[in-house]
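Have a look at the structure below, then the notes.
The values are calculated or read from the model by the stated rules, or taken from the named source; none is laboratory data. The structure displayed is predicted, hence computed values, not measured ones. As a convention, Cβ positions derive from the backbone with ideal geometry for all residues, glycine included, and neighbour counts pool all protein chains shown. Side chains included, ligands, DNA and RNA excluded: accessible areas come from the protein's heavy atoms. Shrake-Rupley method; radii C 1.70, N 1.55, O 1.52, S 1.80 Å.
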Amino acid sequence: MRILNYTIPIIFLLFFAFTYGQSDVQTPKKGKIEQYKKEIKHKWNTNIDSAIILSNRAIVFCDSLENIPEKTTFIKMKGIGYYYSGQFDKADSIFHTGLSISRKNSYKKLTGDFYNLLMITKRRKNRYDSAVYYGNKNIAIRKEMKDSFNLAGAYDNLANVYKNLGDYKKAIELNTKSIDIFKQSNNPKDLGLAYENLSNLYGQIKDYPKSLEYLKKGKAIFEKINDKYYLANIDYNLGFYYFKQKDYILALEYYQQSHKLFKKLKKIDALGDVNMSIGEIYIDKGQFANAYMYLKKAEYFYDKAGVPDYKAEAESKLALLFLKQKMKDSTLKYLRQAQALSQSQSILFKKKLLQTEMDFYNTFGDYQNAYQKSLALNRINDSIHTLNIQDAINKKLLKFKLDKMKSENVQLKQKQTIDRLHNRQMKITAVSMTGLSILSFVILYLFFKKRKKEKEISKLKIKEAELKKQEMENTLEANERQLTGFTLHMMQKNLILKDLLDYIKNVEKDKITNIGSKIREFKIKIINALSSDQDWKTFEVYFEKANPKFIKRLKEKHPNLTAKEVKLAIMVRLNMDIKETASTMNIEANSVRIARYRLRKKLGLSSDDNLYEYMLGV
C-alpha cells in the first residue's frame with residue numbers, strides 16, 4: 001500500500017470529527033444513528049481505517065443513549081471493518097463480543113448475523129470445524145425465525161465451507177437447498193448467483209454437462225434482468241466448460257460474447273483472461289498464428305491491469321506455443337520472461353513452467369539441462385505430494401472432529417429427552433402415588449443404585465478397551481523400534497565391513513607371502529559376512545511385524561519381481577533414501593538409482609507417479 005493511502009484518511013478523519021461535532025446539536029438522535037450507518041458503509045469502500053474509527057464513535061454514542069440494540073449493530077459494523085482490512089483475529093474477537101450481547105438480550109436477527117460472520121471469518125482462517133459449527137447455528141436460528149431469505153444465504157455460505165473441505169457432495173446438497181428457497185423469493189440476482197455456484201461445484205467433480213445446465217439457467221436470469229457483469233462471467237464459464245469438453249466452436253462463441261461485454265464494462269484483467277483462453281483453444285487446434293495473436297493481447301491487457309502473476313501465465317503459454325513449433329530462440333525468450341514474473345506464483349504454475357523448460361531442453365538435445373529440470377520437477381512433485389498428504393490428513397482429522405461433534409450432539413439430545421421423560425415420570429409418580437411414598441422411595445433407591453452400578457460397569461469396560469488399545473499401540477511402537485534399530489544395525493555393520501575390506505585390500509598387496517594368505521582368508525570371511533542372508537531374514541521378520549502381509553501382497557500383485565527387487569521395494573516402503581538403501585543392500589548408490597528405475601518399469605509406473613506413494617498403497 002502506498003504512503004498516499006495513509007495520508008488521505010487523516011484529512012477525512014479530521015473532517016468527520018468536525019462535522020459530527022457540529023451536528024450533535026442539530027441532528028436528532030435517531031437521525032444521527034442513521035447518519036453513522038450511512039457514513040460507515042460508505043467508508044468500507046473508500047477508507048477502512050476511517051470506517052473502524054467511526055464505528056467506535058457510534059458505539060460510544062449509543063452507550064450514552066443506553067441503546068443496546070444499535071450499539072450491537074455498530075459492534076457488528078466494526079468487526080466487518082476489521083474483516084475488510086484483513087485483521088481476521090480482531091474481527092473474530094469483536095464478532096464474539098457482539099454474539100454474547102445478542103444472545104444475552106435475545107436479539108435473534110443479530111445473533112444470526114454474528115453466527116454468519118463468525119462462520120465466514122473462521123473459514124477465512126482455515127478453522128473449518130468452527131466454521132461448520134457456526135454455519136449450522138446460523139441455519140438453525142434462521143429456521144426458527146422463518147427468515148427464508150437469510151436461510152438461503154446461510155445454506156449457500158455453508159456450502160462454500162464444505163467446498164473448501166473438498167466435500168462437494170455436501171456442498172451441492174446445501175447449494176440446492178438455497179436455490180429452492182431463492183426460487184420462492186423475488187430476488188433473481190441471488191438465484192442466478194446460486195446457479196453459478198452450483199455449476200462450479202459440478203465443475204469441480206468434472207460433471208461438465210451439469211455445469212453447463214446450471215450456467216445456462218443463470219444466464220437466462222441475468223439476461224432477463226440485464227446484468228451485464230454477471231452475464232459476462234457466465235459466458236466466460238460456459239466457454240471454459242465447452243473447452244474442457246473439446247467443443248471448440250461453442251467455446252469460442254461464448255468466449256467472444258464475454259469479450260464484448262467485458263470490453264463494454266472496461267474490465268481489463270477479465271479481457272486478459274478471455275484472450276488467453278482463446279489462445280489456448282488455438283494452441284490445441286494447431287492454429288499457431290491465431291494463438292499468438294490472442295496470447296499477445298492477453299499479455300498486453302495483464303500488463304495494463306498491473307497483474308504480473310497473470311502476465312507470467314500468458315508468457316508461459318507463449319513459450320509453449322513456440323516450443324510446439326520448435327522455435328528455440330522465441331521459446332527461450334518467453335520462458336525467461338515467465339520465470340522473471342513467477343516469483344509469487346503458485347507451486348502448480350511453477351510445476352507447469354518447469355515441465356515446459358524440461359520439454360524445451362529435451363526437444364533441442366540439451367539432455368544435461370533437461371535432466372536438471374527433471375530433478376527440480378521431481379522435487380516439486382514430492383512437495384505437492386507432501387502437501388496433498390498433509391491436506392488429506394487435516395481433512396480426515398476435521399471430518400473425525402465433525403462426526404464426533406455430531407455424535408455428541410445426538411447423544412446430548414437423547415440424554416435431554418431421556419431426562420425430560422424421567423422428570424415427567426417422577427412428577428406423575430409423586431402426585432399419583434402419595435399413599436405409597438415409602439415404596440416409591442425404595443423403588444427409586446434401587447433404580448438409582450442400579451444406574452450407578454451400570455455406570456461403574458460401563459466405566460470399567462471403557463477402561464478395559466483403553467488398556468487394550470494402549471497395549472496394541474505399544475506393541476506396534478515396539479515393532480517399529482525393533483525394525484528401525486535392526487535397519488541401523490545392518491547399515492552400520494555393512495559400512496564397517498566395507499571400510500575394513502578396503503583396508504585389507506591395501507594390506508594384501510604386501511609381498512610377504514604369509515601375511516597375504518592370512519589376509520585373503522580374512523577377506524573371504526568378510527565378503528561372506530557382507531553377502532550373508534541371515535541379517536536380511538531377521539530384518540524381514542521385524543519388517544513383517546511392523547507391516548503385516550506387505551511382502552505377500554506385493555508378490556501377489558507383481559509375481560515377476562526378483563528377490564532383490566522385493567528388497568528394494570521394502571527399502572522404498574520404509575522411505576529410505578538412495579544412500580541408506582545402498583548401505584543396507586551393500587551396493588553402489590548408482591546401482592540403486594538404476595534398480596529403482598527398473599523397478600518402476602516393472603510396476604508399470606510413469607515418471608509422474610510417486611514410487612513411495614505407490615508402495616504405501618500396496
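Of note:
- Percent carbon-and-sulfur accessible area, region 242-373, ignoring ligands, DNA and RNA, probe 1.4 Å: 51
- Ranking 451, 593, 598 by solvent-accessible area of protein heavy atoms (1.4 Å probe, all protein chains present), from largest to smallest, gives 598, 593, 451.
- From the alpha carbon centroid of region 224-285 to that of region 47-89 is 41 Å.
- For region 41-197, the spread of Cα coordinates along the three principal axes comes to 48, 30, 29 Å, biggest extent given first.
- Using a probe of 1.4 Å, the accessible surface attributed to residue 268 totals some 50 Å² when neighbouring protein chains are kept in position.
- For residue 558, no residue 5 or more places off, or on another chain, has a built amide H under 5 Å of its own.
- For the set 536, 44, the ranking by accessible area, highest first and with no ligand, DNA or RNA atoms included, is 44, 536 under a 1.4 Å probe.
- Each residue was assigned an accessible area with a 1.4 Å probe, and for residue 70 the value is about 40 Å².
- Gyration tensor verdict on region 259-390 (Cα atoms; rounded if a/c is under 1.5, prolate if a/b is larger than b/c, oblate otherwise): oblate
- For region 63-204, a simple Cβ point-charge model (Lys and Arg +1, Asp and Glu -1, everything else neutral) yields a dipole of about 200 debye relative to the Cα centre.
- Residue order by solvent-accessible surface for 64, 102 is 64, 102, largest first, with ligands and nucleic acids left out and a 1.4 Å probe.
- Overall form of region 27-113 per C-alpha gyration tensor (a/c, 1.5; a/b vs b/c): oblate
- Above-threshold pairs, the threshold being 31 Å between Cα atoms, out of 210/260; 43/216; 137/224: 43/216; 137/224
- Within the full protein context, the accessible area of residue 558 is estimated at about 20 Å² for a probe radius of 1.4 Å.
- Cα-based Lys proximity count in region 60-119, under 19 Å, for pairs eight or more positions apart or on separate chains: 10
- Among 568-574, 247-253, the order from most to least packed when residues are scored by Cβ within 10 Å on average: 568-574, 247-253
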